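The values are calculated or read from the model by the stated rules, or taken from the named source; none is laboratory data. Please read these numbers as outputs of a predicted model, since none were measured by experiment. Note that each Cβ is placed from the backbone with ideal geometry, even for glycine, and that neighbours are counted across all protein chains shown. Each accessible area value is taken on the protein alone, full model and side chains, heavy atoms only, with ligands, DNA and RNA left out. Shrake-Rupley method; radii C 1.70, N 1.55, O 1.52, S 1.80 Å.
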Amino acid sequence: MLTEFIKTDPDNIDMELIARAADCICRGGLVVFPTETVYGLGADAFNFDSVGKIFQAKGRAADNPLIAHVSDIEQVNELVRRVPEKARILMERFWGGPLTLILERKPTVPDVVTAGLNTVAVRMPSHSVAHELIRAAKCPIAAPSANISGSPSPTTAQDCLRDLDGRVDMIIDAGASPIGLESTVLDMTAEVPVILRPGAVTPEMLRDVLGDVRFGEESSDIPKCPGMKYTHYSPAAEVIAVRDIRSFTATASLGDTDAVISFSRDRTEQNFFDAGEDCASYAARLFYLLRRCDDSGMKRIYAYLPPSRGIGAALRNRLLKSSGGRVI
Ligand code: TXA
Ligand code: MG
């Protein structure tokens, strides 16, 4: 299929273009769209066939369920049996934004979205283009990250195009995703909510509101967040997470194809990929930089592993996944 690449300014949205993209979704097409976390690969959540095409386009395992994206809190009622009080509070506090809630699903939600689970993941993005697209489509949009499964999630439309050219109908370019890491996934079906994937809504922020949250066990035999058991966030180059990047770069002799990803203040003489000044800019750039390392022929990437405070928890989670747990 021919992939149409279209641009819009997120602060001055071309509504004609949004109407066209929404029409494409309604007619069963696949549309890549920007969100504040990463770009998503969307289809009508209630169209069994088009959701199936998402799995084909990404090469995604069928037992890995998708997030249904909504444009307002009321739309959640199309998807879930009931919204527990705690979930309602979280929605009011953090939506639109990078928080996905796992809730008991309605039987009418297609199995292809939930991978047959009796729960469904729901999220309301804050990104203006995502919001307008869902609103115009008048249906929840099922969307995983818009990358080929296993590779780093895309934070620019150009990276989506590289992965999915010819596999989707449309790509909407609205610039780089500001957060850069996928949403926090929180399981609300347990007595104490469980963080299945850390993100920009941090454990501290959730504890503030809920009092108590737990971290999920990612390595159990039947993972509750099925996506976590697959290879993830992996560039072609080997990734090694480094706790003390300063002493490491001061003593190691780095070769021509060894890259370093760290804060600006830790700059090395060659093959340095700048993560900016703090963990927020590191989060915004991590996936982008992993892809740029591949582009410039790097074979090994030494990436700074920050402490787990704030969004550091999410950074650590992605770095440990992309390094396959290799830490020095
Ligand atoms: O920020 C994000 O969440 C992005 C943007 C596009 O919204 N989306 C995203 O989707 O990261 P995806 O499919 O790449 O990751 C969704 C994660 C997967 O790990 C999946 O297994 C988990 O959410 N998930 C989805 N439905 C679930 C369910 N019913 N129970 C437990 N985990 C679920
Ligand atoms: Mg993904």
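What to note about this one:
- The requirement of being more than 16 Å from ligand 2 (Cβ to nearest atom), touching a strand residue (DSSP E or B) at 6+ places or on another chain (Cβ under 7 Å) and open to solvent by less than 30 Å² (accessible area, probe 1.4 Å) is not satisfied by Leu161.
- Test: residue in segment 74-88 that is touching a strand residue (DSSP E or B) at 6+ places or on another chain (Cβ under 6 Å) and within 18 Å of Leu133 (Cβ to Cβ): yes
- Ile67, sole failed condition from (1) within 16 Å of ligand 2 (Cβ to nearest atom); (2) over 21 Å from Val209 (Cβ atoms): (2)
- Some residue of segment 167-180 being among the acidic types (Asp, Glu) and within 16 Å of ligand 2 (Cβ to nearest atom): no
- Sole exception among (1) crowded, with 24+ Cβ neighbours inside 10 Å; (2) away from ligand 1 (no atom under 15 Å from the Cβ); (3) not polar (S, T, N, Q) for Val70, by number: (2)
- In segment 89-98, residue farthest from the chain's Cα centre (by Cα) [restricted to those that are assigned to a helix (DSSP H, G or I) and either free of Cβ contacts under 8 Å to residues at least 60 places away in the same chain or within 9 Å of ligand 1 (Cβ to nearest atom) (or both)]: Glu92
- Single condition Ser323 does not satisfy, out of (1) at pLDDT 95 or above; (2) touching a strand residue (DSSP E or B) at 6+ places or on another chain (Cβ under 8 Å): (1)
- For Ile172: the one exception among (1) within 17 Å of the chain's Cα centre (by Cα); (2) more than 14 Å from Thr8 (Cβ to Cβ); (3) surrounded by 24 or more Cβ atoms within 10 Å (Cβ to Cβ): (2)
- Between Ser262, Ser281, Ser296, the distinction of being crowded, with 21+ Cβ neighbours inside 10 Å, modelled with pLDDT of 95 or more and not charged (D, E, K, R) belongs to Ser262 only.
- Residue satisfying all of: in segment 152-169; within 11 Å of ligand 1 (Cβ to nearest atom) and polar (S, T, N, Q); farthest from Ala61 (Cα to Cα) among these: Thr155
Conditions (1) β-branched (Val, Ile, Thr); (2) within 15 Å of ligand 2 (Cβ to nearest atom); (3) in contact with a helix residue (DSSP H, G or I) (Cβ under 6 Å, 6 or more places away or on another chain); (4) on the phi < 0 side of the Ramachandran plot, marked per residue:
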| position | (1), (2), (3), (4) |
| --- | --- |
| Val32 | yes, yes, yes, yes |
| Phe46 | no, no, no, yes |
| Lys58 | no, yes, no, yes |
| Glu85 | no, no, no, yes |
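- Just one of the numbered conditions (1) assigned to a strand (DSSP E or B); (2) closer than 23 Å to Tyr233 by Cβ; (3) in contact with a Ser or Thr (Cβ under 8 Å, 6 or more places away or on another chain) is not true of Val32: (3).
- Flag if Leu101 is part of a helix (DSSP H, G or I), touching a strand residue (DSSP E or B) at 6+ places or on another chain (Cβ under 8 Å), within 13 Å of ligand 1 (Cβ to nearest atom) and not polar (S, T, N, Q): no
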